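A short write-up of the structure that comes next.
Only the coordinates and a few stated rules stand behind these numbers; no lab work does. No experiment lies behind these values; they were computed from the predicted model shown. In this analysis, Cβ positions are derived from the backbone assuming ideal geometry, glycine residues included, and neighbour counts consider all displayed protein chains.
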Amino acid sequence: MANEKKPMTTPVKPWTFDDHTNSYIRRAASTGIYDIRGGGAKRRVPHFDDLLFLGASMSRYPLEGYREKCETKIKLGTRFAKNPIELDIPITIAGMSFGALSGQAKEAIGRGASAAGTSTTTGDGGMTPEERGHSTKLVYQYLPSRYGMNPNDLRKADAIEIVVGQGAKPGGGGMLLGQKISDRVAEMRNLPKGIDQRSACRHPDWTGPDDLEIKILELREITGWKIPIYVKIGGARPYFDTTLAIKAGADVVVLDGMQGGTAATQDVFIEHVGQPTLACIRPAVKALQELGMHRKVQLILSGGIRTGADVAKALALGADAVSIGTAALIALGDNDPKWEKEYNKLGTTAGAYDDWHEGQDPAGITTQDPELSARLDPELAGRRLENYLKVMTLEAQTIARACGKNHILNLEPEDLCALTIEAAAMAEIPLSGTNWIPGKTEI
Amino acid sequence: MEKIDLATSSLRELNERLQQQSEVTNEKQWEVVNPKGAHAIAVGLNAPLELLIKGSTGYYCAGMNQHAQITVQGSVGPGVCENMMSGSVFIEGDASQYAGATGHGGLLTIKGNAASRCGISMKGINIVVHGNIGHMSAFMGQSGNLVVLGNAGDALGDSLYEARLFIRGKVSSLGADCIEKEMRPEHREILQDLLTKSGADANVADFKRYGSARKLYNFDIDNAGDY
Ligand SMILES: Cc1cc2nc3c(=O)[nH]c(=O)nc-3n(C[C@H](O)[C@H](O)[C@H](O)COP(=O)(O)O)c2cc1C
């Protein structure tokens, strides 16, 4: 007994102070500045994975796959615009700026989206001729910074998207760091090369919904009431924000939940501000329904859309379309393991690379470096995006047919059940195996 | 002279007729009567028209103007000439908030006073205010010139980039990273030219120039309190 080694418990690292937290503290202590990064929230929050479709049964007849039609065409902006946007698929490409993305990446997105019959969106920094030229339907963002905003481009747009907020940072502005400011980016933004370019968090010439109504009037007058006007909001108070956007005269509301990507924002903002995408939809749909505007003012949902199942679930909960940012970049080649050695050199690994603001993207997508961006072949990358969009559409159609729907927009909440109590409460869908919607019905 | 009466024509008819004029139009002279504070009057014009608005207007008068010369015989609401590209606009009365916001070019002259945030985020426009301007004017101003014959309110030129500010009167306070700068011959030339073009009776020697100290151009933790 005397010689026996005393038994010890295995060392325990605290849950509160795990390795990542400790590395965060060391980083903050050594640099004195918060972490800025791209991408969306990395923490797990209740999401579409926590919902399931029920499929058909005795009381619901499925449609024959490959034989019976399940339509996917949608129209956006039918409320006031003379020329609403007609799309073949209910998946659009979200606003991502030239500046954040290379010219090649923007071209690839235009090519892929157009081939798949959908729209793409400019971003903070204005409209480039490549993007306009390669996009059959282009939405022009109207942002607080107004970088590159001009009436000639406005008149070339197929729709205008007034950006009030983004899911990654509701209430936050933006920052394009000096190292990404090439001559061209600087010129488009009327600023000297190499300096940090801040994007304001509030619009310079309006505040609040009453002003927004007048701003929308002005934009309609400039564009002759021809093109739709979208209002994009971050997932903060979706019920009130949707209500106010509709009252201000929006044709389309774009709602971006907290998992939504960004080009560059403080990590603390991305992870701690805003509501999960899943929790944003029903309050927004309720606002539309209460004003008699559901399907009249269209709702585009974004923030963590990855698969055809996500698309189908978003539509079933009441959205008219979805929008993708991060997923589109991955389709082009972002975070591809084939660049692993280079990711390692940057101190990261494929799948985790998020320093999109630093301009050193090995895949040539989130950079302005001519050598890196030349790695992306816009035709090939565009083809990949087209394939991906088509796969998602086929998947959503497959689910819709199995639920007996001849149009993808006929999917409804009744087609779903929830896997967790949280998801049931957020999406207002009964917990699987029960009739229980927490907060709505008795157990 | 073409005349549009907003008592009998709609805003849409007004803007449509003005927007339809091409660069080479013969119908250059236009007059708008009974504006009665309506919003978005004469927005998105894209031809060298001479337009006289007889009365006061609401928000965003002359928004995104290109080429047109517009005179308002009255006062204007918020956001006059927002994002103006070119041309010139003359306001005989006062202007509300955000006058000339994000303007890229052209000349905006305000005979009276301008309220807060005059020239906010300006990107190349020239603005001459014969009276005073309110607080936070030229906030994040990127380029262009703001000339003020009267006084400026608090936090002038906060977070300024490369816009130049020429003030004759008192400045209540300067915003973060805005400092007084030396008036060099090239600045006197710019100022004299703008005074002449905007019909201002003032002496260049009475003005001070303010601009960016450029300390906040690249993030530095030691300046965190100023951001
Ligand atoms: C690289 C990048 C740049 C972005 N730039 C903008 C922008 O300029 N304006 C904007 O409103 N949103 C911007 N976003 C947000 C997207 O429009 C969209 O809301 C978000 O990407 C949707 O979430 P997802 O990335 O999970 O698909 C950007 C996102 C990314 C990934």
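Structure data summary
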| read-out | value |
| --- | --- |
| Binned Cα-Cα distances of the protein assembly as shown, short to long, each 20 Å bin given as a whole percent | 18, 47, 28, 6, 1, 0 |
| The stretch A:69-153: proportion of alpha-carbon pairs further apart than 21 angstrom, % | 31 |
| Footprinting exposure proxy for A:ARG198, B:ARG164 (fewest neighbouring C-beta atoms within 10 Å first) | A:ARG198, B:ARG164 |
| Backbone HN-Hα couplings from phi across the stretch A:39-54 [Karplus 6.51/-1.76/1.60, Hz, Gly and Pro as x] | x, x, 4, 9, 5, 7, 10, x, 9, 4, 4, 8, 10, 10, 7, 7 |
| In sequence order, calculated HN-Hα J values of the stretch B:33-50 (Karplus, 6.51, -1.76, 1.60; Hz; x Gly/Pro) | 10, 6, x, 6, x, 5, 7, 6, 7, 6, 9, x, 6, 9, 8, x, 7, 10 |
| Extension gain (nm, one decimal) between B:ASN34 and B:LYS181, 0.36 nm per residue minus Cα-Cα | 48.4 nm |
| Amide H contacts under 5 Å for A:ILE91, placed H, 5+ residues apart | A:VAL322 |
| Amide H partners (placed H, <5 Å) of B:VAL89, local residues excluded | B:ILE70, B:LEU107, B:LEU108, B:THR109 |
| Cα-derived Rg over Rh, computed across chain B with Rh taken as Kirkwood radius | 1.01 |
| Residue of A:TYR239, A:TYR343, A:TYR66 that the Gaussian network model of chain A assigns the largest fluctuation, springs spanning Cα pairs under 10 Å | A:TYR66 |
| Neighbourhood charge, 13 Å Cβ-Cβ cut-off, centred on A:SER23 and excluding it, Lys, Arg +1 and Asp, Glu -1 | -1 |
| Cβ-based exposure ranking for A:LYS215, B:LYS28, in which fewest neighbours within 10 Å come first | B:LYS28, A:LYS215 |
| Acute angle (nearest 10 degrees) that the helix B:11-20 long axis makes with the longest principal axis of chain B, alpha-carbon atoms | 80 |
| Value at 222 nm in deg cm²/dmol, rounded to 500, when DSSP H runs of n ≥ 4 in the protein assembly as shown each add -39,500 (n - 2.57) | -7500 deg cm²/dmol |
| The stretch A:105-121 - phi-based ³J(HN,Hα) in whole Hz, Karplus 6.51/-1.76/1.60, Gly and Pro as x | 5, 5, 5, 4, 5, x, 4, x, 5, 5, 5, 8, x, 9, 9, 10, 9 |
| Amide hydrogen neighbours beyond the local backbone of B:GLY144, cut-off 5 Å, H modeled | B:GLY124, B:ARG164 |
| Inter-site label distance for A:ALA352 and A:ASP35 at 7 Å from Cα along Cβ, in nm | 0.9 |
| Residues in the stretch B:101-136 reached by a label modelled at B:SER173 [backbone nitrogen below 13 Å; 7 Å Cα→Cβ] | B:135-136 |
| Gyration tensor over alpha-carbon atoms, the stretch B:102-190, equivalent ellipsoid semi-axes in Å | 15, 15, 14 |
| Around A:VAL163: net Lys/Arg minus Asp/Glu count, Cβ-Cβ under 10 Å | -2 |
| Efficiency of FRET between B:ARG17 and A:ASN387 - r from beta-carbon atoms, R0 45 angstrom, step 0.05 | 0.40 |
| Entries in A:LYS169/A:LYS247; A:LYS215/B:LYS170; A:LYS42/A:LYS345; A:LYS106/A:LYS232 that, when Cα-Cα distance is taken, lie over 30 Å | A:LYS215/B:LYS170 |
| Of the trypsin sites (Lys or Arg not before Pro) in the stretch A:69-126, those whose Cβ has at most 11 other Cβ within 10 Å and which sit in DSSP loop | A:LYS69, A:LYS82 |
